[in-house]
Structures are given as C-alpha cells and as structure tokens.
1. Determine, for each peptide in 429-437, 597-605, the mean count of other beta carbons within 10 angstrom over its residues, then list the peptides with the highest first.
2. Figure the gain on full extension for LYS12 and ASP287 (residue separation times 0.36 nm, minus the Cα-Cα span) and round it to one decimal in nm.
3. How do PHE208, PHE308, PHE27, PHE191 rank when sorted from fewest to most other Cβ atoms within 10 Å of their own Cβ?
4. Between MET257 and residues 5 or more places away or on another chain, which pairs have amide H atoms under 5 Å apart, with H built 1.01 Å from N, and which residues are they?
5. About its Cα centre, how strong a charge dipole does the range 238-317 have in debye, to the nearest 20, once Lys and Arg get +1 and Asp and Glu get -1 at the Cβ?
6. Placing one identical point scatterer on every Cα of the chain and ignoring solvent, what is log10 I(q)/I(0) from the Debye formula at q = 0.06, 0.10, 0.12 Å⁻¹?
7. R0 = 51 Å: FRET efficiency of HIS420 with LEU519, Cβ-based, nearest 0.05?
8. With θ set to phi - 60°, apply the Karplus curve 6.51 cos²θ - 1.76 cosθ + 1.60 along the range 31-36 and write out the HN-Hα couplings as whole Hz, x wherever there is a Gly or Pro.
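What follows draws every value from the coordinates through simple rules; no lab data is involved. Predicted, not measured: the structure shown is a model, and the values here were computed from it. Note that we place each Cβ from the backbone using ideal geometry, even for glycine, and neighbour counts take in every protein chain shown.
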Amino acid sequence: MDTALALTTDMKIVLGLVSLTMVLFVFQRVRADLVALVILVLLGLTGQVAPEDVFNGFSSNAVISIIATMILGMGLERTGALNRLAGWLLRRAHGVERRLLLLTSAVAGLNSSFMQNPSVMALYLPVMSRLSSRTGLPLSRMLMPVGAAIVMGGSLTMVGNSPLILLNDLLVAANANLPSGVATLVPLNMFAPLPIGLALLALGLGYFHFFGEKLLREGPDTSVTPGRTQSYFARTYGIEGDVFELTVTADSPLVGMTFGEAEALHNAPVMLALKADGDPKLAPAADTRIWVGSVIGVMAPRQQVADFAQNQFLRMSARLRSFGDLFNPARAGISEAVVPPTSSYIGKTANELQLRRLLGLRLLAVNRDKEVITDDVRNLTLRAGDMLVLHSFWHALAENAKGRDFVVVTDYPKGEQRPHKFKVAMAIFAVTMLIALSSRIPTSIALMTGVAGMLVCGVLKMDEAYSAINWKTVFLMACLIPLGWAMDSSGAAAWVAGNTIDQLPTGLPVWVLEIAVALLTTAFSLVISHVGATIVVVPLAINLALAAGADPTVFALIVALSASNNFMTQSNPVISMMTGPAGYTAGDLWRAGLPLSMGYSVVIVLMVNLVF
C-alpha cells in the first residue's frame with residue numbers, strides 16, 4: 001500500500017466535515033440528529049457523495065435492522081415478559097443482594113443480545129424499580145451493574161447494538177475502495193462475536209460481583225424511581241405485602257357472603273379479585289357472592305393473610321394459578337388520582353358511583369388533607385382535591401381518565417398490554433432468530449419477518465409499531481453512514497492510516513496497533529455518539545490494517561466493539577437513561593466505569609485475536 005498518498009482537495013473537504021461533526025457533537029449546541037442531517041447535505045453539496053447515493057443510508061440494511069429490533073422490543077414489552085422475569089429473579093435470589101444483582105445483570109445482558117441496548121434499559125428500569133421496592137435495595141446499587149451488563153451483552157450478536165449492526169454495511173462499502181489484490185471483506189454472521197460477547201459479559205458480572213461493594217455508592221438512596229412503587233404505597237398508605245390466592249373451603253364462614261361483606265371482616269386483607277363462577281374478575285362488584293371453591297385474590301403482609309386464612313378456613317397459596325394474568329404488573333396495579341373541582345364525583349360515594357361494577361376501579365384508600373382514610377372508603381363522600389388510591393387494569397384506568405372526573409398522577413403503562421400473546425410473541429421471536437442464523441437471508445430481512453409476524457398475529461398494532469421507532473436514532477445513523485463512505489472513497493482514511501504508519505516505529509507488533517485502535521475508538525465514543533465513532537473510525541482502521549499487513553476485518557470488529565466501551569459519560573444512551581433514576585454523579589460514573597472500560601479494551605483485543 002502506498003503510504004505517501006498525496007492529500008487532495010476531496011480529502012481536505014471530508015476531513016474538514018469529520019472535524020466539524022466532532023466539534024458540534026462535543027459542544028452539544030446543536031442536536032446530534034440535526035448535526036448529522038447538516039453533514040449529509042454538505043456531503044451532497046460538495047460532491048463527496050454522488051447525488052443518487054446521498055440518501056441511500058436510509059435504505060441500508062443497518063437502518064432497517066435498527067428499526068426492526070425496536071419494534072420487536074416493543075412486542076416483547078407489551079406481553080409483560082420482563083415483569084414475569086422480575087418475579088422469577090426474586091424467587092431465585094432468595095433475598096440475597098449479590099445473588100439478585102448477579103442474576104438480574106446476567107439475564108439483562110442476555111436480553112440485550114437481540115434487542116437495542118436503550119430498549120432493554122427502558123424495559124429494565126421499571127423492573128429494577130420494582131425489585132428495589134420489593135427488596136429495599138437502593139436503586140443506585142442496582143442500575144450500574146445491570147446497565148454495564150446490557151452494554152456488554154450487546155456484543156453477543158451482530159444485532160445487539162448499533163455499531164455491530166453498522167459494521168457489515170461498512171465492510172461491504174469498503175470493498176469498493178480496496179487496493180488490487182486484497183481479498184474482499186466478507187460480512188460477519190449473526191453470532192460471529194458470541195465468544196467475545198460472553199467474555200465481556202463475564203467481565204462485567206465478575207467486576208461488580210466481587211468489587212461492587214467498594215465501587216457502588218453506600219448510604220441512603222436519594223434516587224427517584226420511575227412512577228409510584230410498592231414501597232411508596234406502603235409508606236404513604238400502609239398498603240403493603242405480596243399478593244396471594246385464598247381458596248374457600250366448605251367449612252368457611254365466607255360461603256354465601258357477598259364480596260363486600262367479606263371485605264368488611266375484621267383484619268381482612270385487601271381483596272382485589274374473585275374467581276367464583278367462570279373467569280376471574282379484577283375489582284368484582286360488592287354484591288358478588290362467594291361460594292365453595294371460589295378463589296379470592298388478596299394483598300397484605302404474609303402473616304396477616306395467613307392469620308385470616310386460618311380464621312376463615314381458607315387455603316392460602318403464594319403461587320398465582322388463577323390470578324397470575326390479572327396481577328401481572330404490566331397489565332394491572334395501584335395508582336393515585338386526584339379529584340378535580342369540575343368532577344362529577346364530588347358529593348358522591350364509591351358505592352353510588354359503582355366504581356367497581358361500571359368502571360372496573362377498586363378504591364383502596366383516600367388521602368384527604370394529609371389524612372389517609374382506609375376504613376369504609378366505599379361509603380365516603382368524595383370532595384374536590386381528594387387523592388384516590390385505586391387498583392385496576394391499566395387500560396381501564398386510561399379509559400376512565402379520559403372522562404376528566406379524576407386526574408391520574410401515577411406513571412403507568414399507557415399502551416394496551418397483551419400478556420395473553422406472550423407465547424405467540426416468543427414463538428415468533430424464536431423463528432426470527434432461526435431465520436437470522438441462515439447465511440442465505442440477510443439479518444434485516446430476518447428481523448423484519450419477525451416484525452411482520454407480530455403485526456399479523458396481533459402482538460402489536462401498526463400504529464404501535466410506528467411509535468416504537470426512535471426516529472432520532474434512525475436519522476443519526478442514516479445521515480452519518482455516507483460520511484463513512486466519503487472517508488473511504490475520497491482516500492482520506494487511507495491518507496490518515498498511511499501517515500500514521502509512517503510515524504510509528506518499524507516492526508511494531510500488530511496487537512499494539514489493535515489496542516491503540518480500541519482506545520482511540522473509546523475516546524471518540526466519550527465525546528460523540530457510538531454510531532459516529534463507528535462510522536468515522538472503521539474506514540480508518542481498515543486502511544490502518546492494510547498498511548500494517550494485518551486483517552482489516554479484525555480491526556473493524558475491534559472498532560465496532562469498542563464504540564460501546566463507554567461507562568463514564570452520558571454520551572452512551574444506556575448510561576444517560578440510568579443516571580437520573582439512580583442519582584449518579586459524574587464522579588460515581590468515572591469511579592466505577594473507568595477500571596471496567598480498561599478491562600473491556602484488554603478483553604476485546606485478547607478475544608478477537610483468539611477467535612479470529
């Protein structure tokens with residue numbers, strides 16, 4: 001390769017645009033997606049990319065794959081899969097903090113192998129909030145290990161994060177500008193980085209498992225959890241405990257009682273659901289009769305439920321056989337709602353309004369002038385300003401909130417939850433992964449097959465699929481892809497690589513160059529997006545490998561893996577999502593993230609050389 005390549009006007013223009021991109025990203029005075037769009041337009045105006053190719057980034061396999069993974073992620077979220085997972089994690093951890101963190105982080109890392117990292121983090125935030133409230137562990141001690149595992153688990157497959165999705169497109173584009181005699185670069189298959197991803201995930205899990213006590217902040221948790229949690233309702237209203245099922249025996253005095261009469265019994269737990277004749281019902285009408293074999297869904301501390309069951313001759317079970325679907329947090333839960341001055345509820349009781357029978361809302365308590373009222377709330381006359389504590393299906397809450405008779409102040413799932421589609425969604429996803437394993441079908445087509453399956457089978461609606469797409473991410477990637485093409489086609493990447501090699505000592509080991517490329521990419525990712533770092537550095541790394549007589553695919557893969565190696569700043573979308581809820585400071589992130597980032601680079605270089 002000619003390392004004395006002359007610097008041309010086209011090279012100067014492209015390098016100038018790259019510098020402009022980095023400066024604008026660093027100072028953040030302009031939105032990143034707008035910066036990308038401006039750079040795309042400048043590439044077209046200066047002729048660095050042919051007019052017919054300027055907008056080809058929007059139709060690239062990488063962008064289509066990104067869109068597909070976002071939609072598939074929403075499909076899995078709407079089935080409540082991760083809320084089921086939260087319950088499983090709690091049972092397996094047996095209340096041991098380190099075991100809970102290890103299990104949760106490992107599962108989150110595996111999840112991120114087939115979903116976009118920010119999507120996985122968005123799904124796990126409420127899961128971690130729920131685990132925090134259930135165990136009393138501060139959210140600040142839980143989110144960092146889980147966030148790191150999600151970032152590292154994204155390296156398990158070629159669709160786990162944006163840099164790896166981009167890589168194959170960049171490899172194919174580089175073939176057009178390879179010197180004669182150089183072998184064509186072949187796209188990597190779906191699970192090509194699997195051994196490397198496993199090693200990275202093991203590093204993250206081990207790092208926080210053995211050193212987490214020293215790295216994660218001690219003391220009381222000052223973080224703000226998303227929405228209202230179980231601990232909040234326990235602290236404010238005395239509504240606490242897990243949910244249980246009570247089966248009515250032939251000897252029980254509850255036989256023949258109405259649901260309302262049973263609720264009024266001394267020391268009765270909060271009764272939420274009833275299965276008497278036919279399907280189980282959430283918030284059943286107060287005059288519904290209880291018979292032998294009826295199952296009551298209740299919530300209270302275990303000892304209170306056990307005592308009530310013994311006194312009333314009921315069989316108690318912590319395993320939800322009848323109400324597992326009804327009590328799925330993705331589908332139902334507790335909320336707060338304020339009665340406004342214009343409400344038609346004012347001057348009426350819950351019994352008169354028939355909240356349960358007509359609206360499907362179970363009134364648990366009323367907060368009035370800082371006084372919490374829980375006794376006989378069904379017959380309490382409501383006033384303007386009353387805070388109602390309700391238990392209901394989320395879709396029933398959303399539907400009734402449209403009437404403006406109350407204003408919901410709790411964050412809750414606004415979209416329709418479909419836990420009954422769980423098996424269908426998992427089957428579609430499994431088929432999608434099997435198709436993606438085939439080298440004959442591009443990954444983008446395989447992922448879109450899964451999207452089509454979820455839409456046809458009713459896991460998602462078309463409008464929901466559109467809303468799942470983060471258009472900022474799509475525009476950022478689609479607009480910057482041509483910048484990578486221009487780096488390659490103009491010769492700018494080859495010029496930088498050639499001059500870099502000329503400045504290095506002769507006979508320098510290849511692994512030293514690989515570490516340098518990994519650290520350079522990491523440095524780029526700290527100040528610009530991981531997508532931007534990948535697009536700018538991959539062409540440079542390929543040309544550097546050619547100049548040094550090394551494997552360009554290996555160098556490009558090191559770049560794609562290193563682009564996500566950012567645990568210290570909020571330019572990593574996963575880190576930015578968890579910083580607010582966990583209350584992390586910049587010092588917290590650097591203290592825990594810097595050693596992990598250094599180990600990440602070492603593992604990448606070591607494993608890439610072992611595998612490739």
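1. On the way: 429-437: 16.8, 597-605: 20.0.
Final packing ranking: 597-605, 429-437.
2. Result: 90.9 nm gained on full extension.
3. So the ranking, lowest neighbour count to highest, is PHE27, PHE191, PHE308, PHE208.
4. ILE290
5. Its charge dipole is roughly 100 debye.
6. Reported log10 I(q)/I(0), two decimals: -0.39, -0.91, -1.17.
7. 0.55
8. Coupling constants for the range 31-36: 3, 4, 5, 5, 4, 4 Hz.
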